[in-house]
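Here, each number is a calculation from the coordinates, and none is a lab measurement. Keep in mind that what you see is a predicted model, and the values were worked out from it rather than measured. For neighbour counting, all protein chains shown are included, and Cβ atoms are generated from backbone atoms with ideal geometry for every residue, glycine included.
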Amino acid sequence: MAQDRVETGTANSHELLCPSSRGTLEDSVLIGVVTSHTDGPRVVPTERPIPVTPEILAMAEPVGPSEVFRFASPCQSGKCPHFQNAACQLAVRGVKLLEAVDDELPKCSIRPYCRWFRQEGAAICKRCPQVVTDQFHPSETMVQIVYGIGPAPARAEVPPR
Ligand code: SF4
């Protein structure tokens, strides 16, 4: 299972992880907890990737787990609607549209296996701590990052990640 191999550092380079996925019991690890900061949300990374359990998911109630936690799961590459032109467009647009919130590389327990880091390097890591996977009131910038330029499709039309 991918999470075991990430924990033990034996995952292969082709087993890249999406660092902003919805947590599932089968193949996700917890990598951060969302905290509030005067400038917006900030994700505090876990010391190590933690396999997702029902107890972890329940801790988020009454909100959804991906509103308060960051999870990593195997990158679906071509099966994911955000993956185009051989790249995760969330990471491409994140580097273009977000301001850096860290001067240095933030701590991270999955960096060697992270799709975003593999693709965009340190630039995306310096922006990553402000990313909350599911937001009820996302900023205009976050909407652009998720949906690209132009009007966002109705939520019901958005394929699941
Ligand atoms: S800090 Fe960098 S390596 Fe870690 S999850 Fe974010 S983009 Fe990936």
Q.
Could you tell me the calculated FRET efficiency between Glu140 and Lys107, based on Cβ-Cβ distance and R0 = 30 angstrom, to the nearest 0.05?
A. 0.55
Q: Would you mind getting me the FRET efficiency between Thr38 and Asn85? Use the beta-carbon distance for r and R0 = 35 Å, nearest 0.05.
A: 0.45
Q) Hey, got a sec? Which GluC sites (Glu not before Pro) in segment 16-63 land in a DSSP loop and have at most 13 other Cβ atoms within 10 Å? A) Glu26
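Using the Kirkwood formula on the Cα atoms of segment 32-161, what hydrodynamic radius do you get, in angstrom to one decimal?
For segment 32-161, inverting the mean 1/r across all distinct Cα pairs yields 15.6 Å.
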Q.
Please give me, ordered by residue number, the chymotrypsin sites (Phe, Trp or Tyr not before Pro) of segment 49-150 that lie in loop per DSSP and have at most 10 other Cβ atoms within 10 Å.
A. Phe136
